[in-house]
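What follows is a set of notes on a single structure, which appears directly below.
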Amino acid sequence: MAFPLPLRARSSLPLLAAAALALGGCDRRPDDSAVAASVIGGMVRAADPSRTELTPAERVLMGATAQGLVRFDAAGQVEPALAERWIVIDEGQSYIFRLGDARWPDGNRVTASDVVATLKRAVRPATYKPLAPALRLVDEIVEMTPEVVEIRLRRPQPEFLKLLAQPELAIFQQPSLRGTGPFELAQRVGDVQRLRPIRTLEDEGTESPPSRAETIELRADRAAVAVLRFTRGDIDVVLGGGVDDWPLLSIAQVGSAGIRLDPAAGLFGLAVARREGFLAEASNRAALAAALDRSAITAAVRDDWGAATTLLPAQLDSAAAPAAFPWPATPSDEAISQARARVSVWKSGHPGMAPLRVALPQGPGGNLLWGTIAGSLRAIGLPVERVALDAKDADLRLIDKVAPLDSGRWYLDSACVACDPMIRAIIDAAGNAPNAEVRGRLLADGDAALVADASFIPIATPLRWSLVSQRLRGWTPNARAWHPLNHLRGDPS
């Protein structure tokens, strides 16, 4: 079955098809040239994460031009950044960081007071909603000496360093938003932002500027345009690909050698966004979940994209193994028949039933999702309507998020869009638990309760992809789907 593409995507398809006839994905850029990178989503511009949620392009730029106390390496592991070393005391409730000799662009040294001021803005309740539940753990941020910062937590969080490595918690100056690198803004030419390595103390006294091979030419594009640029050999890497853009790679016939997938950890599923009408009753939600052909949904996008069987990907910090989703990925005839009967009974008591509004992305991947989701729901007699992903009146909404840290609470909090208030209370209690044992029990209870509530239907793990030329040997797949620009060549500087 063919699904219509939105106008924006259709307008780029002739260009993609033409590019497919050329040497798609060939490495035609010389190795001594600048690394040309395109990010899908947003614009390449500086933005303050304490005031707005960063777009993918803004996150990449922030991660390139400003460091936190720590940062992610190519494999998604924490490495030193502004902090040259740290210790964890008080049974995991106190993190003490000693700053290295980092310098602002004006040459002044980065001090503990600079770090404290930026982090205090970042942990305000209204700041960056996706990280807010984890940031509520922060109790105090203190300047101990000009070189030492202490962060005290209300309870231990073993994953706290991964939280600090997020680009939203980078340290930068106000109001310029300039950080300490590893790159600095050099020049904007049209829609391309040129970045060059920041000179370190070891570079002082040298006269040679950074070579072109050390610089980055960063731009943001729509997915179809980014894929086209890559197939023509105009750029070296495309970052930020997701499920909605995945079909474009087949349309453009991108060579498999250039396509890289991340083993991204996170959530990809349908959340109940409003507990109204047919979805007000748990038995109705369960019938819908049982009849949804999750195997068909994943197969429509990618043959080997397996369906998820649990909400939590592993036990993580829960006291129990993940609660199994009780309905198989491929529904049985009996499940479909029972769901159809339940819908029929509901309709008899609610004539003129309004369609369920399903919020999905608008691109070609969203079209594939819609075709299979709508098919499953219509097969049991439910009228359905597709709406924009951010539609406020959606009944079901696709949740597609990469987990910033391996925390059971993050998964439960993100899945509980309109879950039972009692479940929300359990999740919040886990966040305020006095110790790991109590927290683990509450997370296990919340996990099991969310499955029973049928207010979130796990479909798969997030699909994240990049296009990478062979000259970028440092690109490494990782669970965060995060690829720092300074590690693309394999250079750890």
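The values are calculated or read from the model by the stated rules, or taken from the named source; none is laboratory data. Not measured: the values here are computed from a predicted model. Neighbour counts are summed over all protein chains in view; Cβ atoms, including those assigned to glycine, are modelled from backbone coordinates with ideal geometry. Ligands, DNA and RNA are excluded from the accessible area calculation, which covers all protein heavy atoms including side chains. Shrake-Rupley method; radii C 1.70, N 1.55, O 1.52, S 1.80 Å.
Checked against (1) more than 18 Å from the chain's Cα centre (by Cα); (2) open to solvent by 20 Å² or more (accessible area, probe 1.4 Å); (3) under 29 Å from Trp475 (Cα atoms), Leu161 passes all but a single condition, namely (1).
Residues of region 254-275 being assigned to a loop (DSSP other than H, G, I, E, B) and closer than 15 Å to Ser469 by Cα, which ones?
Val254, Gly255 - these are the residues of region 254-275 that are assigned to a loop (DSSP other than H, G, I, E, B) and closer than 15 Å to Ser469 by Cα.
Has region 281-294 got any residue that is of a type in the set (Asp, Glu) and assigned to a helix (DSSP H, G or I)? Spell out how you get there, then give the answer.
Filtering region 281-294 for residues of a type in the set (Asp, Glu) gives 281, 293.
Those left that are additionally assigned to a helix (DSSP H, G or I): none.
No, region 281-294 has no match at all.
Within region 123-158, the set of residues being open to solvent by 10 Å² or more (accessible area, probe 1.4 Å), modelled with pLDDT of 95 or more and aliphatic (A, V, I, L, M) comprises Ile141, Val142, Met144, Val148. Of the residues making up region 52-72, just one is surrounded by fewer than 18 Cβ atoms within 10 Å (Cβ to Cβ), touching a residue at least 40 places away in the same chain (Cβ under 8 Å) and out of contact with any Lys or Arg (no Cβ under 7 Å at 6 or more places or on another chain), namely Pro56. Restricting attention to region 280-339, the residues that are open to solvent by less than 20 Å² (accessible area, probe 1.4 Å) and of a type in the set (Lys, Arg) total 2.
Within region 253-276, the residues that satisfy the criterion of being open to solvent by less than 40 Å² (accessible area, probe 1.4 Å) and either at pLDDT below 95 or of a type in the set (D, E, K, R) (or both) are Gly255, Asp262. Each residue in region 354-369 was checked for being open to solvent by 40 Å² or more (accessible area, probe 1.4 Å) and over 21 Å from the mean Cα position of the chain (by Cα), and 3 of them qualify.
Here Ala170 meets each of (1) modelled with pLDDT of 95 or more; (2) over 21 Å from Leu82 (Cβ atoms) with one exception, condition (2).
Being part of a helix (DSSP H, G or I) and without any contact (Cβ under 8 Å) to a residue 40 or more places away in the chain, is that true of even one residue in region 223-245?
Here is the first cut: in region 223-245, the ones part of a helix (DSSP H, G or I) are 223-231.
This time we only want the ones that are without any contact (Cβ under 8 Å) to a residue 40 or more places away in the chain, so: none.
Within region 223-245 (the criterion being part of a helix (DSSP H, G or I) and without any contact (Cβ under 8 Å) to a residue 40 or more places away in the chain), the answer is no, since none of the residues qualifies.
The residue of region 459-478 that is nearest to the chain's Cα centre (by Cα), among those that are open to solvent by 40 Å² or more (accessible area, probe 1.4 Å) and not charged (D, E, K, R), is Thr461.
Could you tell me whether region 30-38 includes any residue that is open to solvent by 10 Å² or more (accessible area, probe 1.4 Å) and within 18 Å of the chain's Cα centre (by Cα)? Within region 30-38, not a single residue is open to solvent by 10 Å² or more (accessible area, probe 1.4 Å) and within 18 Å of the chain's Cα centre (by Cα).
Can you tell me how many residues within region 79-122 are in a helix (DSSP H, G or I) and crowded, with 17+ Cβ neighbours inside 10 Å? Outline the logic, then answer.
Restricting attention to region 79-122, the residues satisfying the condition of being in a helix (DSSP H, G or I) are 90-92, 112-122.
Remaining after also requiring crowded, with 17+ Cβ neighbours inside 10 Å: 112, 114-116, 118-119, 122.
Result for region 79-122: 7.
In summary, Glu437 fulfils each of the numbered conditions (1) assigned to a helix (DSSP H, G or I); (2) of a type outside the set (Lys, Arg); (3) under 25 Å from the mean Cα position of the chain (by Cα) with the single exception of condition (3).
Scanning region 376-416 for residues that are part of a helix (DSSP H, G or I), touching a helix residue (DSSP H, G or I) at 6+ places or on another chain (Cβ under 8 Å) and open to solvent by 40 Å² or more (accessible area, probe 1.4 Å) gives a single hit, Ala379. Note on region 134-171: residues that are in contact (Cβ under 8 Å) with a residue 60 or more places away in the chain, hydrophobic (A, V, I, L, M, F, W, C) and within 17 Å of Gly431 (Cβ to Cβ) total 5.
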